[in-house]
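Just so you know, all these numbers are worked out from the coordinates, no wet-lab data involved. Please read these numbers as outputs of a predicted model, since none were measured by experiment. Positions of Cβ are backbone-derived with ideal geometry, glycine not excepted, and every protein chain shown enters the neighbour counts.
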Amino acid sequence: MTSAPTPRPPLDAARLRAVADLTPDLTLEVYDEAGSTNQLAAERARDGAPDGLVVVADHQTAGRGRLDRSWETPAGAAVTFSMVLRPDVPAASWPWLPLLTGHTVAKALTGRGFDASVKWPNDVLVAESNRSDAPRKVAGILVERVETPTGPAAVVGVGINVALEDDELPVPTATSLALARPDADDADLDRTEILAGVLTALREGYDAWLAGGEPATARLAASYRAGCATIGQQVRADLPGGGTLTGRAVDVDDQGMLVVETADGTERVGAGDVVHVRPA
Ligand code: BT5
């Protein structure tokens with residue numbers, strides 16, 4: 001006799017709201033199902049949603065990645081949300097938003113006992129404790145700038161693979177927290193706890209960065225470099241238009257650009273200028 005798989009528990013919206021209530025400037029909209037939380041949050045931003053509105057989908061059915069790519073996660077196994085921010089910073093500082101987000105997610109997962117790092121610019125990777133392969137992608141970040149009647153807003157979208165099993169991974173380069181740590185118990189993989197932790201860390205990290213001016217960006221850059229798996233690697237960056245840049249990634253500069261030593265000298269690439277960055 002085969003037993004039916006145990007149903008996955010839904011997000012605990014009441015517990016999430018209780019955590020949000022303790023954090024200034026976080027308001028939550030939690031949906032059982034939504035197409036793309038980034039799209040919903042962008043609509044809310046255009047309609048005047050305040051800084052700190054968070055749209056959460058228990059199951060996201062039409063998730064978006066960068067450059068029209070898609071983000072796929074099964075019901076009950078992932079964290080998917082988008083936060084509306086209204087950063088009052090010069091345009092040159094905006095590229096730090098996706099880096100700050102990826103770095104914050106990686107730190108939050110590290111704090112929960114996962115071996116997480118960030119692949120420049122903002123993919124979050126996790127090493128699998130029982131395999132020696134390269135770390136794989138456990139979370140994706142999509143930050144979009146939206147023009148609204150009260151000024152530009154940033155929609156910060158985060159997807160984290162929590163409980164996906166091997167046969168649920170959408171691509172071979174993906175992994176999940178459950179696969180990364182086969183010893184993890186239900187509490188380690190509690191989506192509500194993970195989401196609450198990431199939301200508060202993101203709000204606090206963003207507020208500290210916003211309030212701290214240039215010194216805070218320098219601190220963020222130093223912390224980002226320390227947690228960035230790309231630095232030190234041979235990489236190949238695919239550029240829009242078909243060009244490539246190959247060399248050793250040596251640094252992330254104070255503008256958030258990747259510094260690559262190529263055969264022709266030192267080059268810098270911005271996150272918006274690359275289609276893919278892969279180990280060469
Ligand atoms: C990203 O794009 O990594 C950004 C993903 C952002 C998703 C969040 S979920 C909440 C919010 N609402 C949205 O609609 N989106 C955001 P990119 O770097 O372009 O990577 C996309 C590629 O990752 C795909 O082409 C696949 O190869 C791969 N992929 C798709 N689903 C994945 C998953 N669950 N885990 C790992 N890789 C995945």
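Around residue 157, which amide H atoms from residues at least 5 apart in sequence, or from another chain, sit under 5 Å from its own amide H, with H modelled in the peptide plane?
The answer is 83, 142, 143, 144.
With θ set to phi - 60°, apply the Karplus curve 6.51 cos²θ - 1.76 cosθ + 1.60 along the stretch 247-255 and write out the HN-Hα couplings as whole Hz, x wherever there is a Gly or Pro.
Going residue by residue, I get x, 9, 6, 10, 6, 10, 7, 6, 9 Hz, with x marking Gly and Pro.
Between residue 262 and residue 246, what length comes free when the chain is fully extended (0.36 nm per residue of separation minus the Cα-Cα distance, one decimal in nm)?
5.2 nm
What is the magnitude of the charge dipole of the chain about its Cα centre, with +1 placed on the Cβ of each Lys and Arg, -1 on the Cβ of each Asp and Glu, and no other charges, expressed in debye to the nearest 20?
400
Summing Lys, Arg as +1 and Asp, Glu as -1, what charge do residues with Cβ under 13 Å from the Cβ of residue 280 carry, residue 280 excluded?
+1
For the stretch 128-280, just list the percent of Cα-Cα distances falling in each 5 Å bin from zero outward, please.
Going from the shortest bin to the longest, the percentages are 2, 7, 12, 16, 18, 18, 15, 9, 3, 1, 0.
Can you compute the helix-only [θ] at 222 nm over the chain? Use -39500 (n - 2.57) per DSSP H run of at least 4 residues, normalise by all residues, nearest 500 deg cm²/dmol.
After summing the helix terms and dividing by residue count, I get -9000 deg cm²/dmol.
Figure the gain on full extension for residue 145 and residue 43 (residue separation times 0.36 nm, minus the Cα-Cα span) and round it to one decimal in nm.
The span from residue 145 to residue 43 would gain 35.5 nm if fully extended.
Out of every Cα-Cα pair in the chain, what percent are more than 23 Å apart?
Tail fraction, whole percent: 53.
Note down the nm distance, to one decimal, between modelled labels 7 Å out along Cα→Cβ at residue 188 and at residue 218.
3.9
Using label points projected 7 Å from each Cα along Cα→Cβ, tell me how many nm separate residue 208 and residue 32, to one decimal.
My value for the distance between the label points is 3.9 nm.
Under a Cβ-Cβ cut-off of 13 Å, what is the net charge of the residues other than residue 189 that fall near it, where Lys and Arg count +1 and Asp and Glu count -1?
Charge balance near residue 189 sits at -3.
What whole number of Å gives the distance from the Cα centroid of the stretch 9-54 to the Cα centroid of the stretch 219-248?
The stretch 219-248 and the stretch 9-54 have Cα centres spaced 32 Å from each other.
Check which residues have an amide H placed less than 5 Å from residue 27's amide H, if you skip close sequence neighbours.
Amide H neighbours of residue 27: 53, 54.
Can you run phi through the Karplus equation (6.51, -1.76, 1.60; θ = phi - 60°) for the stretch 237-242 and list ³J(HN,Hα) in whole Hz, with x for Gly and Pro?
9, 8, 9, x, x, x
Report the rotationally averaged projected area of the stretch 1-113 based on its alpha-carbon convex hull, in square nanometres. Numbers along the way, then the final one.
Numbers: hull surface 39.6 nm².
In nm², the orientation-averaged hull projection of the stretch 1-113 is 9.9.
What number comes out for the charge environment of residue 205, summing +1 per Lys or Arg and -1 per Asp or Glu over other residues with Cβ under 12 Å away?
+1
Could you work out the mean projected area of the convex hull around the alpha carbons of the stretch 186-258, in square nanometres to one decimal?
Value for the stretch 186-258: 7.3 nm².
For a protection proxy built on the mean count of beta-carbon atoms within 10 angstrom, sort 50-56, 198-204 highest first, please. If you can, show how the numbers build up before the last one.
Numbers: 50-56: 21.6, 198-204: 19.4.
Going from most to least packed, we get 50-56, 198-204.
May I ask you to work out the translational diffusion coefficient for the stretch 110-191 at 37 °C, viscosity 0.692 mPa s, via Stokes-Einstein with Rh from the Kirkwood sum over Cα pairs, reported in whole µm²/s? List each step's numbers first, then the result.
Values: Rh = 13.9 Å.
This corresponds to a translational diffusion coefficient of 236 µm²/s.
Counting only residues 5 or more places away or on other chains, whose amide H sits under 5 Å from the amide H of residue 65 once H atoms are built in the peptide plane?
For residue 65, whose amide H was placed from the backbone, the distant partners under 5 Å are 70, 71.
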